[in-house]
1. With r defined as the distance between the Cβ atoms of Leu96 and Thr76 and R0 fixed at 30 Å, what FRET efficiency is calculated, to the nearest 0.05?
2. How charged is the neighbourhood of Ala123? Take every other residue with its Cβ under 13 Å from the Cβ of Ala123, and add Lys/Arg as +1 and Asp/Glu as -1.
3. Among Leu340, Leu321, Phe358, whose Cα sits farthest toward the positive end of the charge dipole of the stretch 299-379 (+1 at Cβ of Lys/Arg, -1 at Cβ of Asp/Glu, about the Cα centre)?
4. Please rank Trp58, Trp152, Trp119, fewest neighbouring Cβ atoms within 10 Å first, as an exposure proxy.
5. Let's see if you can work this out: charge +1 on each Lys and Arg Cβ, -1 on each Asp and Glu Cβ, no other charges. What is the dipole magnitude of the stretch 222-311 about its Cα centre, in debye to the nearest 20?
6. Compare the peptides 355-362, 373-380 by average per-residue count of other Cβ atoms within 10 angstrom and give them in order, highest first.
7. Using a 7 Å offset from the Cα along the Cα-to-Cβ direction at both Leu46 and Met60, what is the distance between the two label points in nm, to one decimal?
8. Please list, in chain and number order, the residues 5+ apart from Phe69 or on another chain whose amide H is under 5 Å from its amide H, with Hs placed from the backbone.
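No lab work stands behind these numbers, since they all come straight from the coordinates. What you are looking at is a predicted structure, and each value in this text was computed from that prediction instead of being measured. Ideal geometry is used to build each Cβ from the backbone, glycine not excepted, and the neighbour counts take in all protein chains shown.
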Amino acid sequence: MSSSSSLPPTAIRGAGAARPRGARLLDAPLGWSAVSRALLLQGFLLPFLMLSFFESTWFMLRPELAPYFSISDLATYNAFIGAVTLYGTVLFAVGLYMRSHQPGSTLYQLLVAVFACAWPIGAGYYFGLHISGMIAAFLAASVLAVVLLDRWVALVGVLCGVTGAVVLSALEQARLVRHAPLLQSAPFGAQGLEGSWFWGVGASVFMACLLVIVLVDQLVRKERAYARLLRSLAVTDALTGAANRRHFIDSLERELQRAKRFSFPVGLVLLDIDRFKRVNDTLGHGVGDEVLVRVVELLSAQLRESDLLARYGGEEFVLLLSHLGPEGAQDAAERLRAILSDNPLCVGERELRVTASFGVASLEVGEDLDVGALLRRADAAMYRAKRAGRDRVVAWSEDDEDTSG
């Protein structure tokens, strides 16, 4: 048997502990400052820019590629990509400075977004905008801009890139500018595609695709992990790992609606640890907290998948026992009481015997109780157990003071 009360206690307290080394750079990047997020995008661009510059220099030094290139346009492209690389490096250096002095700068984000999305269009013009590996760079930069930067900033950058591509395509269509001026002819020799061309242009395309896949994968995995943690914290008691009161009330309300619709009983058990104040007063609140954790661990191990254990408040806990009527719920509570009473809890180097008083109530088939009424019945039964001497299970009956209103 196991508990359905969400994560174990160590899951939350240790949630930020062990992380893969490679993920530290991308640890919650969406929580970084505006400039830091822009720097991450710019850091992705710089290796690609540098590789592109080395590619163009490589082309100029490879005589076997000379028949395929316009030498004058190749020199122009080399100068263009060199200037872009230099500007990108300067922009990165400025970002390093602003990260410490103006970490919230939207202007810097805007400069990076426009630069990231616009330069691939200018570079792609030389190779042929519609077939160039620079489009891969544009798509990679656009995806990362949308993920990392403020939404409107990213959209401005993407719009600048798309506008540049549309305008350039229109100019080529109107024959006002040449299409792919850098290429004289297709780079095929006697042995097929020239190796220098394949490794030169292919390396940039592969690098762009690989980087964007790795970075986006890391970002998405991190954000999903944080989303799961936030969802867990929203329904879990941070100390014990049991469900919290709000989640329990919502779950009980849904279960009661299902029970009334499909005609099955629902058991409810409210338990309060006996003389818990004495533990806190004599041994300290730290020991008291550990007692609560150990109680949840002990009880959780005895529950069905369909059961729900929640911390109701302080040293009070509540159990939702679906499909159990009065007798079944009382038997389950008695079993838990005996297990708790007969098994001293190991708290540090101490062994503490802890008992609890259990109040049992149930929604029987045909009854029309709401959440509040059922909880009040369990509460009345639990206080009768306290008055009767503690460490016992008492089921609600009509002889109890009916506080269900």
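1. Working: r = 31 Å, r/R0 = 1.03.
The pair Leu96/Thr76 has a calculated efficiency of 0.45.
2. Working: positive: none; negative: Glu55, Asp73.
Taking every Cβ under 13 Å from that of Ala123, the sum is -2.
3. The Cα lying farthest towards the positive end belongs to Leu340.
4. On the way: Trp58 16, Trp152 12, Trp119 27.
The fewest-first ordering by Cβ neighbours comes to Trp152, Trp58, Trp119.
5. Working: 16 positive and 13 negative charges, 80 e Å.
Taking the Cα centre of the stretch 222-311 as origin, the dipole is about 380 debye.
6. Numbers: 355-362: 25.5, 373-380: 22.0.
Ranked from most to least packed, the peptides come out as 355-362, 373-380.
7. Calculated label separation equals 2.3 nm.
8. Here Gln184 satisfy the definition.
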